[in-house]
Amino acid sequence: MSQLAHDDFEEMADEYDMSDVDDDMEDEYGARIIASDSDDGEQPDRMTDTTAAEARRGKDVQGIPWERLSITREKYRQTRLQQYKNYENVPNSGEESLKESKHIEKGAIYYDFHHNTRSVKSTILHFQLRNLVWATSKHDVYLMSHHSVLHWSALTSEKKELIDVQGHVAPSEKHPGSLLEGFYQTQVSTLAVKDNLLVAGGFQGEIICKFLDREGISYCCRTTFDENAITNAIEIYNGPSGGVHFMASNNDSGVRVFDMERFFLCRTFRFDWPVNHTALSPDGKLLVVVGDNPEALLLDSTSGKTIHELKGHVDFSFASAWNPDGFTFATGNQDKTCRVWDTRNLSKSVTVLRGNLGAIRSVRFTSDGRYMAMAEPADFVHIFDVASGYNERQEMDFFGEISGISFSPDTEALFIGVWDRSYGSLLQYNRRRSYSYLDSLI
């Protein structure tokens, strides 16, 4: 993973920020309608949320008043497609991979737009790491917003700060190996939340663990003191005995497994390149490892022995996910593709799916295995129908960098974090259901 500094990312993001559209937007008195973000998240009265009913009446889901601009939405979309620069570690990797990928016509609708929340700003610190939004139910979302780890209730429209990482964060519980002195001014690079456990990873290898049903922080540690220490991804899972574990992927080429029942580091795997993401199979026996290497690895999760090298991608990968069926999994790469693999035949990928703008930064399956979502760095999230052989898809089209995507565990909601100084928000889509059996009762 690149060691691009936060300030450099800010400069890159400025190129594609929607504030350049705002410059064209003036009211009848010549005053700017859109104000810049404030740290407290408050917005002017005219910057409101968008509901499903308003969207059906023609309002832009992000609240962008295109009718008042000197450029149409269609024209601005074409400009973005032409000018957005995909970050590549391997030159021209996107062009090479697209030769093998297939274009799937959009048009299906699996999830309907439900709400766009402007009062929470889902932010990003590292341009390659986009796992900063997690839903534990269709009403409960956890995300990074500036220096805060927030909980957002989609039911009550209320937000609550759980951790302020700008100040001093220290554990309130005592456990062997926990750094009781804690950390100051942690830059959170990645986040994971499952059931009652929240784990945040930092730029200097920091790990901060909080149980959501307890007060305070439970555990703090530093995975490594290597100068290349950034925590790239966290995966929380239940071990063979049912105990809670999590796996941390780091830029020092290590993957570390922590037992959160006994609060200790129980296993470490070493690789020849920085590890950007891991995904554990539903039965816990297989581990997918992707990183700064075009080839991904499928490992025995207990021994760490390589079962198969996955060849096909031509750049570095930052995303992976298992289908709950336990046979297929997906990897997302900076070559602008997502490859789906089947453990029953690993000689080549089952299919190669392409994006519109750039790298595939996040991949998620619904818990029933029906759909797979893949997120690009900005503007587009694609949902594929797994049962169709990934030959049907829905395309969510908006403007802004994507901080993360998350299906709710019951598959009823999809949340998308959008980072933009003017139009940053949390998008919610709800699963479309056909209740034809009710029609017979009418």
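Some points to look at:
- Asp112 satisfies every condition listed in (1) among the charged types (D, E, K, R); (2) touching a residue at least 12 places away in the same chain (Cβ under 8 Å); (3) closer than 16 Å to Phe399 by Cα except (3).
- Selected residue (criterion: nearest to Arg270 (Cα to Cα)) from residues of the stretch 184-227 that are more than 18 Å from the chain's Cα centre (by Cα) and of a type in the set (Gly, Ala, Ser): Gly205
- When Tyr87, Tyr16, Tyr29 are checked against the criterion of being open to solvent by 60 Å² or more (accessible area, probe 1.4 Å) and modelled with pLDDT under 70, a single residue qualifies: Tyr29.
- Matching residues, the stretch 319-339, being outside any strand (DSSP E or B) and either among the charged types (D, E, K, R) or surrounded by fewer than 24 Cβ atoms within 10 Å (Cβ to Cβ) (or both): Asn323, Pro324, Asp325, Gly326, Phe327, Asp335, Lys336
- So His126, is it open to solvent by less than 30 Å² (accessible area, probe 1.4 Å) and more than 30 Å from Arg431 (Cβ to Cβ): yes
- Yes/no for Glu96 being open to solvent by 10 Å² or more (accessible area, probe 1.4 Å), more than 30 Å from Phe203 (Cβ to Cβ) and modelled with pLDDT under 90: yes
- Residues satisfying the stated conditions in the stretch 354-402, i.e. open to solvent by 30 Å² or more (accessible area, probe 1.4 Å) and closer than 20 Å to Gln83 by Cβ: Arg354, Asn356, Glu395, Asp397
- Gly216 vs. criteria in contact with a strand residue (DSSP E or B) (Cβ under 9 Å, 6 or more places away or on another chain) and open to solvent by less than 10 Å² (accessible area, probe 1.4 Å): no
- Flag for Lys174 being within 24 Å of Lys121 (Cβ to Cβ) and surrounded by fewer than 23 Cβ atoms within 10 Å (Cβ to Cβ): no
- When Tyr111, Tyr142 are checked against the criterion of being at pLDDT 95 or above, open to solvent by 10 Å² or more (accessible area, probe 1.4 Å) and farther than 23 Å from Ser317 by Cβ, Tyr142 stands alone in meeting it.
- The stretch 107-135 - residue that is under 14 Å from the mean Cα position of the chain (by Cα) and hydroxyl-bearing (Ser, Thr, Tyr) and, of those, nearest to Phe415 (Cα to Cα): Ser122
- Residue in the stretch 193-202 that is under 21 Å from Val120 (Cβ atoms), of a type outside the set (A, V, I, L, M) and surrounded by fewer than 21 Cβ atoms within 10 Å (Cβ to Cβ) present: yes
- The requirement of being open to solvent by 80 Å² or more (accessible area, probe 1.4 Å) and of a type in the set (A, V, I, L, M, F, W, C) is fulfilled somewhere in the stretch 147-164, by at least one residue.
- One residue alone among Val350, Val314 is open to solvent by 20 Å² or more (accessible area, probe 1.4 Å), within 26 Å of Glu401 (Cβ to Cβ) and either over 20 Å from the mean Cα position of the chain (by Cα) or among the basic types (Lys, Arg) (or both), and that residue is Val314.
- Among the residues here, His168 does not qualify as open to solvent by 40 Å² or more (accessible area, probe 1.4 Å) and at pLDDT below 95.
- Pair list, Cβ < 9 Å and 6+ apart or interchain, from the stretch 270-285 residues that are closer than 17 Å to Ser303 by Cα and touching a residue at least 12 places away in the same chain (Cβ under 8 Å) to residues that are β-branched (Val, Ile, Thr) and in a loop (DSSP other than H, G, I, E, B): Ser281/Thr343; Gly284/Thr302; Lys285/Thr302
- Residues that are modelled with pLDDT of 95 or more, open to solvent by 10 Å² or more (accessible area, probe 1.4 Å) and polar (S, T, N, Q) within the stretch 234-252 are absent altogether.
- Residue match in the stretch 391-398 (condition: closer than 21 Å to Leu132 by Cβ and either among the hydrophobic types (A, V, I, L, M, F, W, C) or without any contact (Cβ under 8 Å) to a residue 60 or more places away in the chain (or both)): yes
- Residue within the stretch 223-233 that is touching a residue at least 60 places away in the same chain (Cβ under 8 Å), open to solvent by 20 Å² or more (accessible area, probe 1.4 Å) and in contact with a Pro (Cβ under 9 Å, 6 or more places away or on another chain) present: yes
- Search result, residues across the stretch 187-203 that are in a loop (DSSP other than H, G, I, E, B) and either modelled with pLDDT under 95 or closer than 27 Å to Ser137 by Cα (or both): Gln187, Asp195, Asn196
- Selection count where residues are more than 26 Å from Leu129 (Cβ to Cβ), open to solvent by 50 Å² or more (accessible area, probe 1.4 Å) and touching a residue at least 12 places away in the same chain (Cβ under 8 Å), scope the stretch 75-84: 0
- Taking first residues from the stretch 289-300 that are of a type outside the set (Gly, Ala, Ser) and partners that are in a strand (DSSP E or B) and modelled with pLDDT under 95, no Cβ contact under 6 Å between residues at least 6 apart in sequence or on separate chains turns up.
- Strands (runs of 3 or more DSSP E) (entirely within the stretch 94-172) containing at least 1 residues that are under 30 Å from Lys311 (Cα atoms): 133-135
The values are calculated or read from the model by the stated rules, or taken from the named source; none is laboratory data. Because the structure is a prediction, the values reported are computed rather than measured. Ideal geometry is used to build each Cβ from the backbone, glycine not excepted, and the neighbour counts take in all protein chains shown. We work out accessible area using only protein heavy atoms, side chains counted, and drop any ligands, DNA or RNA first. Shrake-Rupley method; radii C 1.70, N 1.55, O 1.52, S 1.80 Å.
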